[in-house]
Every structure is written in structure tokens, then in C-alpha cells.
1. Look through Ala269, Ala281, Ala287 and report the one residue that is outside the structural domain of Glu74 (by TED's automatic domain parsing) and crowded, with 23+ Cβ neighbours inside 10 Å.
2. Do we have Leu75 as more than 26 Å from Arg21 (Cα to Cα), touching a residue at least 60 places away in the same chain (Cβ under 8 Å) and under 19 Å from the mean Cα position of the chain (by Cα) here?
3. Which one is nearest to the chain's Cα centre (by Cα) among residues in the range 102-135 that are of a type in the set (Val, Ile, Thr) and crowded, with 24+ Cβ neighbours inside 10 Å?
4. When you go through Leu333, Leu359, Leu394, Leu413 one by one, which is the residue that is touching a helix residue (DSSP H, G or I) at 6+ places or on another chain (Cβ under 7 Å) and farther than 27 Å from Ala68 by Cα?
5. If I filter the range 374-411 down to residues being out of contact with any Gly (no Cβ under 8 Å at 6 or more places or on another chain) and among the β-branched types (Val, Ile, Thr), which single residue comes out as nearest to Ser94 (Cα to Cα)?
6. Can you name every residue in the range 376-420 that is among the β-branched types (Val, Ile, Thr) and assigned to a helix (DSSP H, G or I)?
7. Right, Leu383: within 15 Å of the chain's Cα centre (by Cα), farther than 19 Å from Ser341 by Cα, outside the structural domain of Tyr126 (by TED's automatic domain parsing) and buried (at least 17 other Cβ atoms within 10 Å of the Cβ) or not?
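The values are calculated or read from the model by the stated rules, or taken from the named source; none is laboratory data. Note that the structure is a prediction, hence the values are computed from the model and not measured. Note that each Cβ is placed from the backbone with ideal geometry, even for glycine, and that neighbours are counted across all protein chains shown.
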Amino acid sequence: MHEDTKTYMHSVGEKAQQVSRIVGCAEASVKNRMLIKTAQAIEDRRELLVNENQKDLESAQKKGLDPALLDRLELNAKTISSMADGLRQIAALSDPVGAINDLSYRPSGIQVGQMRVPLGVIGIIYESRPNVTADAAGLCLKAGNACILRGGSEAFYSNQAIASCIQIGLEQAGLPVECVQVVGTTDRAAVGELITLDKFVDVVVPRGGKSLIERISQEATIPVIKHLDGVCHVYIDGDADIEKAVRVAYNAKTQRYGTCNTLETLLVAEAIADEILPKLAVQYQQAGVELRGCQQTCEKISGCLPVSEQDWCTEYLAPILSIRIVSDLDSALDHIAKYGSAHTDSIITEDYSRARRFLREVDSSSVMVNVSTRFADGFEYGLGAEIGISTDKLHVRGPVGLEGLTTQKFVVLGDGHIRD
């Protein structure tokens, strides 16, 4: 441990705690102004963002980062506009802080309800995706939290450039710049310090590869909101509409490979396999997807490789797909229960009863009917930009938006009431 890094991170945590009360009490109009001004700064400094990102891309290519990571790392006109749009969308959302729910009278005459309040200070540790810097800052601040952002060293220049835009937004809104702090060191020791700053930080959110999330889960002395894997399934039922099933299953795998909500295992009912698998195989193979299947699948698809036991629980993040023919819905449910990661699973069927069973019995953070798994996303759910996806059951599950970055406290109203 470098003593200067330890001292630096302690200072960052202390500053975040000090300003957390200020941002926690800030009016919605002030927070929205910060978000809108930051969005404008991102658009105004587009050239700077692209130039700084190019430094990161060149360094990453020299280090041999895989294509999925390079895809996540790149900032271009589209992703920069998306960052700005995401911040404006967060500004347009209702402010959850201070809302009182379920206020009711008790027999004693008191009124009891629950008020939504900020978590306090949130530490976010992420890899590759520099857009997370803007998304996380915007969501944390709108929910009334101070935040400490520690991006990966591979995106250092990109993250610092985005941080400069956030500082502009904070200053123009009259909020302390310490409300959002982007860690300014690439020293790996900073992560170990951040996840043990329990005196200052209330929750940690890791976004990245499995090794990063496992490490943080094991070493953090602070509560963690996380998901480890995105082993997502699509089950094509025997009563599926063929055209609909092909369209959804193809999109779920090929729309983008390097995301946690991408299809990794396709389950096909035996009754429909002969009709649908050849059609799907042609489209997948034309898109360059490597197919790995059970024995029955290999017999029906030319060029399909034998699947291994490990494949069923692998998040490829690549153009590789595992395929299994199952006898019926019960077999599909058993497979998902055994190999799934509780992220996102979808059934394609025209049978209402089976759709209802799937929704009820699949224990994942997002369960879908006749929908591509790629929709498991905070933006698509109307949450604005998301801070991540949680497969935990406490305290939030699924895409983590504004409400997931708050908690509740009981409020009690009376008029001189005393307990007998």
C-alpha cells in the first residue's frame, strides 16, 4: 500500500461525506440544473472527449484488449450524444427524495408513513466504459447522493475529460465540486482503499468483469450492489410463433455481443426444433456466430460444435451461442434454475398459461415474454440511465435507477400524542 494513495483516498472519502448532507438536501431544480449544464458541457467539449478517448484506445490496442472491451471503451459521436441525452432524461425524471408513501392513521391517532431518502455516499468501481462516469454521476446526484467514481486505468484520460464536464455542471448549479469525485490515480491500491472506507462510504457498486466483482464482494467492508454474470436465456416454446421467435432470438444474441443482457443460451422445445433451428442457424452463422449444441442440436445443424457442461454457465460476451433442445417448459425451467445467473430470461410463446408460469417460476431480476433480453436496461425500462444491474435480492434488484439509489425511513406525524 502506497501511503500517499491511502491518504488521498481517505481525503476523497472525507470530502464526499462532508458534502453528502448538502446534496442530500438540494432542491430538485438545483440538481436538474447541474444535470442539464453537464449535458451541455459534454456536447460543447465533444472534441476534447474524442481526443482524450483516442489516447485510451491507442493504449488499449497496444495492450491487446479484446474486442468486447475496446467496444465498451470507445467514445464516438453517438455515445457522446447518448451521455448528454441520458443526463437530460435523468433531469426530466421525478425526484424521489422526500416523497412520503403509505401515510396512514394508526388507532392511536398518529400518522405513519415512509419517506424516500438518499443512501449518502456511493462508491462506484467500473471498467472500460467511460460513459458510466456521466451516467453514475447523474443518477447518484439526482438521488441526492455524493459519489466517488473509480474507473479503470484503461479509460483514465476519457474519465478525467468527462469529470471536467461534471465539474462545470456542479459549479454552474452552485453545488460543491466534491459532490462527484472521479479518482485521479491509476494506482490499483485505490480500489482496495475505497471498498474499505466504511467510515465515509455507504454502499459500493462494481461494474466490470467477474474477477473485479468477485474481488470487491470478498474484500469490501461496505454493502455491495452487484451482479456477477449475465448468463441470459431465451426459451422457444412449442407454441411459439416461428417468425416472432426467430426475430427475437436473433436480436437477443447479435444486437450487441459484449453486454450482460445478451443471450448466451438458447433453449428450444423439442416439438418445434425441426422447424425453427435450421432457420435460426442460417442467420446466426451468416452473422459469424459460433454455435455449440447438445447432441440433438448438432444432428440438426450443420457445423454446430458439441457443447460442454461448462458452456451452459458461461457468459461469452462474444459471438458464441450454446443451444439445447429440451422436452418442454418444465425442462427449460430446470435448466435455467441450474445454470442461470438470475439476470434476464425470456420465453417466446403464444400460450398464456405457459407465459404466466415462466414469469412466476423463473427467479431472475428480469423475466420476459416475447421480448429480446437486450431490453433489460435502465433506459429501456424508463429509469433514465442506469448505474448497473443487480441480481441480489437486497436492497434492489434489476436495473438500478434513481429509486434503487435511495432508501426509506419511517416518518411519524402527531399533535402532542403520547403512548398510554
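1. Ala269
2. Taking the combined requirement at face value, the residue satisfies it.
3. Only one residue fits best here, namely Val132.
4. Checking each option against the conditions leaves just Leu333.
5. This residue is Thr407.
6. The answer is none; no residue qualifies.
7. Criteria met by Leu383.
Table: residues versus (1) in contact (Cβ under 8 Å) with a residue 40 or more places away in the chain; (2) within 30 Å of the chain's Cα centre (by Cα); (3) surrounded by 15 or more Cβ atoms within 10 Å (Cβ to Cβ).
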position	(1), (2), (3)
Gln295	no, no, no
Ile301	no, no, yes
Glu309	no, yes, no
Leu321	yes, yes, yes
Val326	yes, no, yes
Asp345	yes, yes, yes
Arg360	no, yes, no
Ser365	yes, yes, yes
